[in-house]
Every structure is written in C-alpha cells, then in structure tokens.
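Where a number appears in this text, it was derived from the coordinates with a stated rule and is not lab data. Computed from a predicted model, the values in this text were never measured in an experiment. Cβ sites come from the backbone with ideal geometry, for glycine too, and all protein chains shown count toward neighbours.
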Amino acid sequence: MKPISQEKRELILVAKERGETIQGIATWLQISISSVKSVWRLYLETGSIKPKAYKGRPSSLSEEMIANIHYKIETEPDSTLEDIISSLNLPIKKSQLSVWLIKAGYTFKKNSTCGKYEKTRCSG
C-alpha cells in the first residue's frame with residue numbers, strides 16, 4: 001500500500017488542529033480512518049508528519065552472489081535462469097532471479113547495442 005501523500009498529511013494536520021473529527025477527515029479526504037489516526041499519532045509522537053521509511057524484506061542474495069551473477073552473465077550471456085541458479089547454488093527461484101535481473105537492467109532481447117547477435121543479455 002502506498003503511503004499517504006504529503007499534501008493529504010498536511011491537510012490532516014490542519015483539520016485535526018481545527019478540531020475536525022477523525023471520521024470527518026477520513027470521509028473528506030477519501031482515506032481510511034486508521035490512516036488518519038496513524039498520521040495524527042505520528043505527529044503527536046515525533047512532531048513530524050513525514051512517512052516512516054519502508055525497509056522491506058532483506059535480499060536473499062549476498063554481495064558475493066550478486067557479483068557472481070554479473071560475472072556469469074558477462075562470460076556466458078546465453079545462460080538460462082536454471083543454469084545461473086544451479087551453477088551458482090543460488091537460494092532463489094527462477095521467477096525471483098528473473099525479477100532481479102530486470103531490476104538490475106538486464107534485457108533478454110538480442111539487439112545491436114550488445115553486438116549483432118553475440119549476446120542475449122546486456123546491461124542497460
């Protein structure tokens with residue numbers, strides 16, 4: 001779920017300081033009551049309405065594994081996802097590796113910027 005915009009956070013603060021009810025603010029801004037409560041509680045506790053940083057789940061891949069993936073793709077650009085996972089003993093599934101490669105800027109198309117039909121992957 002996306003965090004509430006800074007503009008709505010400021011509107012919540014102004015409305016709450018004016019004495020508006022939480023339910024009234026939620027209806028007016030078309031957000032949930034719990035969201036209004038969270039923003040107001042955050043303001044009361046910290047004095048700020050800035051959203052907390054989302055840390056997310058830690059990666060299953062270590063820096064060494066990432067370096068090995070890059071090296072494998074550079075030296076063997078025709079490697080399949082299965083080849084990469086099995087040869088490097090990676091603790092992830094094919095779909096996870098595919099998503100990671102896309103986020104890392106790799107493409108699976110042959111194109112002239114990588115050299116005419118020499119490689120199947122290149123880094124963006």
Q. Can you give the helix-only mean residue ellipticity at 222 nm for the chain, where every DSSP H stretch with n ≥ 4 adds -39500 (n - 2.57) and the sum goes over all residues, rounded to the nearest 500 deg cm²/dmol?
A. -16000 deg cm²/dmol
**Q.** Kirkwood-Stokes translational diffusion coefficient of the chain, alpha-carbon pairs, 10 °C, 1.306 mPa s, µm²/s
**A.** 86 µm²/s
Q. Treating the beta-carbon of each Lys and Arg as +1 and of each Asp and Glu as -1, no other charges, what is the dipole magnitude of the chain about its Cα centre, to the nearest 20 debye?
A. 420 debye
Q) Given R₀ = 35 Å, FRET efficiency for S5-E74 by Cβ-Cβ distance, to 0.05? A) 0.25
Q | Additional length obtainable on full extension of the chain from K55 to S87, 0.36 nm per residue less Cα span | A | 8.5 nm
Q | Members of K55/K93; K2/K94; K16/K55; K2/K103; K2/K72; K50/K72 lying beyond 31 Å, as alpha-carbon distances in this model show | A | K2/K72; K50/K72
Q | Shape of the range 1-52, Cα gyration tensor, a/c cut at 1.5 | A | oblate
Q: Work out how much length E63 to E17 would gain on full extension: take 0.36 nm times their residue separation and subtract the Cα-Cα distance, in nm to one decimal.
A: 11.8 nm
Q.
What whole-number distance in Å separates the alpha-carbon centres of the range 1-76 and the range 85-107?
A. 28 Å
